[in-house]
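K.L.:
If you scroll down you'll find the structure; I have some questions about it.
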Amino acid sequence: MYLMADILINVILAFLTGSLLLGFHRKVMARIQLRPGPPIIQYLLHSLKFFFKETSFPKTASMPFYIGIVVILAGIWVTGIIVGPVTKGSLMIIFGIYAIHKIVEHNSGSSSGSPYGKLSCVRAVFSAAGELPLFAGIAIIYFVCGSMNISDIIAYQSIHGALIFKAPFAALMFFTLILTKSPYSPFAITKGKDIVSGFETEHYGFLRGYIMFSESIAWYVLLWLFLTIFFGPIGILGYVVGMIIITAITAFINATTPMLNPNHSVMLQFTITLVCLIGSIVLLVL
Amino acid sequence: MNKIKTTSYVLLIVSVLAILYALIFCPADWIVYAIAIVCIPFFVLSFGLLTMSKPKKDEEEERREEPFIGY
């Protein structure tokens, strides 16, 4: 009973917390741009509201793939909850989840039959570079801690102190990933406004609400992972404060930075990864 | 009752029963993981398919065509 209850509670908690944080993200961005912005709860209300909105399926959509891909998105982030907060399992599975997330972006765009979706689908292949910082970060964490299990990494930090001081470049690489996944990010080329809403353009009505449900869980899992991996056992208050601070920082960066074009986005992510990887190796050797 | 509605009801009932089974009978861990990964998304999907508002009959074709005008 406890395991299933644990999973259900964590999924609901992730959805509510992630939604509020994304609402907060939008609020901070609006305030920086001298706009009042919507209430913080608006993202959550939108997610729920879309479940009751009129939904029709485009004639050129590839059914049932058009719907199935949204279910897969939710499935991978429920897996993220199980591997992360519930069982504190392996970071390699988290890497796999991000790889599948990229495939979901790709296929969600192509399944709709919309040209905007198809452009986003192509950009999703480009933006696979976004996974490079995560993979390099995980490799560095393994060299420092000797394990990829989140429970082992927490145990390591309770003895040796927070990992952010031992592997700051790995933390920077992970933060780049967080920035990539945040709304209106300079790296968010798959959802660039030049292609309307990218792969989400033709997923409207309850399917959009469903995607927002998954994205709020994804945001929570990302922040939880960053705080757990680099700050160790910090308690509930630590997580709340940490998540709010990281969300505010990403909102500030996104509000003041234009969206990069696909080539620049990929090259910048690649450069950050390379510099941080070399920096991490130098720190490890010293 | 149309095909989507019937399928949604079946999915909803099956996913709720599977989640309740995992909650009450505590099967092996891997079974609980499988139920959670498959049934939670299907529960939300079937719930959404049932709660979504459908276009009026005479507007349905227009809605399905609308996003692609101009291409």
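K.L.:
Which one of these is among the aromatic types (F, W, Y), farther than 12 Å from A:L21 by Cα and surrounded by 24 or more Cβ atoms within 10 Å (Cβ to Cβ): A:F226, A:F213?
P.N.:
Every option except A:F213 fails the conditions.
K.L.:
I would also like to ask the following. For the stretch A:76-103, which positions are over 21 Å from A:F230 (Cα atoms) and of a type in the set (D, E, K, R)?
P.N.:
Selection gives A:K102 alone.
K.L.:
Would you mind finding the one in A:A251, A:A255, A:A218 that is small (G, A, S) and touching a His at 6+ places or on another chain (Cβ under 6 Å)?
P.N.:
Of A:A251, A:A255, A:A218, the one residue that is small (G, A, S) and touching a His at 6+ places or on another chain (Cβ under 6 Å) is A:A251.
K.L.:
Condition first: more than 20 Å from A:V266 (Cα to Cα), within 14 Å of chain B (Cβ to nearest Cβ) and of a type in the set (G, A, S). Now tell me which residues in the stretch A:166-210 satisfy that.
P.N.:
Hits for the stretch A:166-210 are A:G205, A:G209.
K.L.:
Something else now. Among the listed residues B:I31, B:I4, B:I24, B:I13, identify the single one that is surrounded by 13 or more Cβ atoms within 10 Å (Cβ to Cβ) and either at pLDDT 90 or above or facing another protein chain (nearest Cβ under 7 Å) (or both).
P.N.:
The match here is B:I31.
K.L.:
Quick one: how many residues across the stretch A:262-286 are among the polar types (S, T, N, Q), more than 18 Å from the chain's Cα centre (by Cα) and surrounded by 13 or more Cβ atoms within 10 Å (Cβ to Cβ)?
P.N.:
Qualifying residue count, the stretch A:262-286: 1.
K.L.:
May I pose another question? Looking only at the stretch A:130-137, decide whether some residue is crowded, with 23+ Cβ neighbours inside 10 Å, out of contact with any Pro (no Cβ under 6 Å at 6 or more places or on another chain) and assigned to a loop (DSSP other than H, G, I, E, B).
P.N.:
Looking through the stretch A:130-137, none of the residues is crowded, with 23+ Cβ neighbours inside 10 Å, out of contact with any Pro (no Cβ under 6 Å at 6 or more places or on another chain) and assigned to a loop (DSSP other than H, G, I, E, B).
K.L.:
Against the definition (without any contact (Cβ under 8 Å) to a residue 60 or more places away in the chain and within 30 Å of B:V32 (Cα to Cα)), how does A:I103 come out, yes or no?
P.N.:
yes
K.L.:
Something else about it: Select from the stretch A:61-94 the residues that are in a helix (DSSP H, G or I), hydroxyl-bearing (S, T, Y) and either within 10 Å of another protein chain (Cβ to nearest Cβ) or within 11 Å of A:N10 (Cα to Cα) (or both) and list them in ascending order.
P.N.:
A:T79
K.L.:
Please go through the stretch A:32-46 and pick out each residue that is assigned to a helix (DSSP H, G or I), more than 18 Å from the chain's Cα centre (by Cα) and surrounded by 14 or more Cβ atoms within 10 Å (Cβ to Cβ).
P.N.:
Passing the criteria: A:I32, A:Q42, A:H46.
K.L.:
When you scan the stretch A:109-124, how many residues do you find that are in a helix (DSSP H, G or I), within 14 Å of chain B (Cβ to nearest Cβ) and crowded, with 20+ Cβ neighbours inside 10 Å?
P.N.:
Of the residues in that region, 5 qualify.
The values are calculated or read from the model by the stated rules, or taken from the named source; none is laboratory data. Since this is a predicted model, take the numbers as computed values, not measurements. Here Cβ is always computed from backbone atoms with ideal geometry, including for glycine, and neighbour counts include all displayed protein chains.
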